[in-house]
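Accompanying notes for the structure given below.
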Amino acid sequence: MRKTISIFLSLLMVLALFSGCSAEGTTGEEDSSSEAEEKPVKTQSLDVIIYDRGGDEEYWQAVIDAFEAANAGVEVEAYIGKDAGYVLRDRILSGDSPDFVVLPSDEETGVTAALIKDRAMQPLTSLEQVASSLLIDGAFDNIYCMPYDDGETYLAPVFFEVEGLIYNKTLMDGNGWTVPSTWDEFIALGEQAKTKKISLFAYAGQDAASLTGMFASGIASSVGTEEAEKLFRYEEGAWDSTAVRTFLGNIDKLSYLVASGSSTKTEQQVLDAFLAGNVLFISGDSSLLADLSGEETAEETSESGSAAETETVVAEPTFELGFTGYPTFAATDKKVTAITFTEMYIPIEAENVDLAEKFLIFQYSDAAASLCAEKLGEVTPVRKAADLAAASGITGSRLQAYSVLGDLVCADNFAIESGANETLSDEFAALLVSVFKGETDADTFISEMNGYVKEMQ
């Protein structure tokens, strides 16, 4: 569980004034020539701290080089590392705030979450002015980026993962089956798969959160994105609505998936069954697709050879993969895609706010987005995402993941109002899985969620 570190910030902005040293003459006498009086070009410095997810440093250095080349006289001083959260915490506590930060809100130090709670971030007014022309719809209009009810954007997405269903395309095509767009079609496909002794769907039953994206997009699709915002912002009475009850009734129908024997216990068991060709669909995101494209993760073992800390082993499948967004409950429901992303922002005590905003917006430029695709095999949430991915050599199911985005995007998490938000997300997932399994009715679910909301308030 993420540790949230309480950070008490002064709202007083400290301006550090830097001046260059006076030039000394080489002869010891004052040179009255115009050349001697000429002052060096002042360099504008941007201080940034960037979280390295692992292998990101080359990409960020390339982006920094491109930004400096496009902005004469600008120098970016960057700290890039996995310990960026600890570095940021220490600097803020010492009164030495950077200008720009890339650090996800679920990072282990909890610094970003604490800054959100303390309202210690600059509003991104420039982003709001250009976002409509650069970003996919909904990329910043969500509780990740707009954590308060003031209509302002404070955080912006950089890397993002699309959540949905990964499927065995070889099996689907070989049997003449069509990818379902509604859950009724999905269940009907399950009956056809059963005749071939193939399980329709598998999920990690030990990890309720593995289905959070499915449920979050389902809620937004069923009740509408505006109503979903009320739910995830802890608005009183929001969970006790006809729309939510209808959604819960639909979720209950999906207990079919459990009854048909499609539930497994661990993530590894899910992957093993899928890779063996025994399961048609699993829930996953674009990062899992990248792993399934050939990057194998081995188990970590102790010196004795026993598994000390076991990680999921991802092997390359022997069949063609496919990717689709989560089905909707009704054919008329709006298609909503669940995404998760890494946030970037400007601390409230940043010295060079204008330059920091310029650097932030640069992340959505063609130059930066192309570098992201080239260096990382990923895309930033720009309107050209699918085209840039294709141009960089991303193909197949990974390209499909960036092509399924609907007009609206749902971030699958609760607003960060306190250190309890992660616990609430876990409880939410566990309750929905309980409804999913037919163990909890709508009244009990709503009563429990209203209780959690009251605690938040």
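The values are calculated or read from the model by the stated rules, or taken from the named source; none is laboratory data. As the structure is a prediction and not an experimental result, all values here were calculated from the model. Please note: Cβ atoms are built from the backbone with ideal geometry, for glycine as well, and neighbour counts cover all protein chains shown.
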Pairs under 6 Å by beta carbon, first residue without any contact (Cβ under 8 Å) to a residue 40 or more places away in the chain in region 435-457, partner of a type in the set (Gly, Ala, Ser), six or more apart or different chains? Thr440/Ser434
Look at Lys335 and say whether it is of a type outside the set (A, V, I, L, M, F, W, C) and either at pLDDT below 80 or touching a strand residue (DSSP E or B) at 6+ places or on another chain (Cβ under 9 Å) (or both). yes
Please list, ordered by residue number, the helices (runs of 4 or more DSSP H) wholly in region 25-111 having 3 or more residues that are at pLDDT 95 or above. 57-70, 84-93
Determine whether Ala209 is surrounded by 21 or more Cβ atoms within 10 Å (Cβ to Cβ) and modelled with pLDDT under 85. no
Determine if region 125-141 includes at least one residue that is surrounded by fewer than 22 Cβ atoms within 10 Å (Cβ to Cβ), out of contact with any Phe, Trp or Tyr (no Cβ under 9 Å at 6 or more places or on another chain), on the phi > 0 side of the Ramachandran plot and outside any helix (DSSP H, G or I). yes
Inspect region 253-262 for any residue being part of a loop (DSSP other than H, G, I, E, B), modelled with pLDDT of 85 or more, on the phi < 0 side of the Ramachandran plot and buried (at least 20 other Cβ atoms within 10 Å of the Cβ) and give the result as yes or no. no
Apart from one, (1) out of contact with any Ser or Thr (no Cβ under 9 Å at 6 or more places or on another chain); (2) polar (S, T, N, Q); (3) assigned by TED's automatic domain parsing to the domain that holds Thr328 all hold for Ser133; the odd one out is (3)
Check whether at least one residue in region 160-169 is closer than 18 Å to Val279 by Cα, assigned by TED's automatic domain parsing to the domain that holds Ala429 and not in a strand (DSSP E or B), and report yes or no. yes
Quickly run through region 274-307 and pick out the residues that are at pLDDT 90 or above and either outside the structural domain of Ser217 (by TED's automatic domain parsing) or assigned to a helix (DSSP H, G or I) (or both). Phe274, Leu275
Tell me which of these Leu155 doesn't satisfy, since it passes every other one: (1) surrounded by fewer than 20 Cβ atoms within 10 Å (Cβ to Cβ); (2) under 26 Å from the mean Cα position of the chain (by Cα). (1)
With the structure loaded, tell me whether Ala204 is closer than 30 Å to Pro347 by Cα, surrounded by 21 or more Cβ atoms within 10 Å (Cβ to Cβ) and assigned by TED's automatic domain parsing to the domain that holds Glu316 or whether it fails that test. no
Out of everything in region 159-174 that is modelled with pLDDT of 90 or more and crowded, with 22+ Cβ neighbours inside 10 Å, what residue ends up being farthest from Gly138 (Cα to Cα)? Asn168
Restricting attention to region 170-203, report how many residues are of a type in the set (Ser, Thr, Tyr) and either assigned to a helix (DSSP H, G or I) or closer than 26 Å to Glu267 by Cβ (or both). 4
What single numbered condition from (1) closer than 25 Å to Gly54 by Cβ; (2) in contact (Cβ under 8 Å) with a residue 40 or more places away in the chain; (3) assigned to a loop (DSSP other than H, G, I, E, B) fails to hold for Glu316? (2)
I'd like to check something: does region 4-11 contain any residue that is within 24 Å of the chain's Cα centre (by Cα), crowded, with 16+ Cβ neighbours inside 10 Å and either modelled with pLDDT of 95 or more or not hydrophobic (A, V, I, L, M, F, W, C) (or both)? yes
Limited to region 226-244, what total is found for residues that are closer than 21 Å to Asp426 by Cβ, at pLDDT below 80 and surrounded by fewer than 18 Cβ atoms within 10 Å (Cβ to Cβ)? 0
How many of the residues in region 112-124 are in a helix (DSSP H, G or I) and in contact with a Leu (Cβ under 6 Å, 6 or more places away or on another chain)? 1
